[in-house]
Amino acid sequence: MIACQIENIRLVMGESIICRIYVDGGFVDNELFLNIMERMLDGVEVISSEEGSGSAIGALIVLKK
């Protein structure tokens, strides 16, 4: 699962320089997932979101546009 997630993140990143990734939802409490993700994305800080409804807010923003 993590390898698939990393592959998709790298596809989205492309040549962009990304310093931080915020994780939202059920995986914010999974320290193992967050640590492995940060190690696999060398140089990218992985931060767990404290806001539990970030995905819902993002979906709402997309729908409003």
What about residue 17, is it at pLDDT 90 or above and either part of a helix (DSSP H, G or I) or open to solvent by 70 Å² or more (accessible area, probe 1.4 Å) (or both)? no
Of all residues being assigned to a loop (DSSP other than H, G, I, E, B) and open to solvent by 80 Å² or more (accessible area, probe 1.4 Å) in region 20-65, which is modelled with the lowest pLDDT? Just the residue, please. 65
Do we find that residue 8 is modelled with pLDDT of 90 or more, among the polar types (S, T, N, Q) and either open to solvent by 60 Å² or more (accessible area, probe 1.4 Å) or part of a helix (DSSP H, G or I) (or both) in this structure? no
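The values are calculated or read from the model by the stated rules, or taken from the named source; none is laboratory data. Computed from a predicted structure; not experimentally measured. Just the protein is used for accessible areas: all its heavy atoms, side chains included, with ligands, DNA and RNA removed. Shrake-Rupley method; radii C 1.70, N 1.55, O 1.52, S 1.80 Å.
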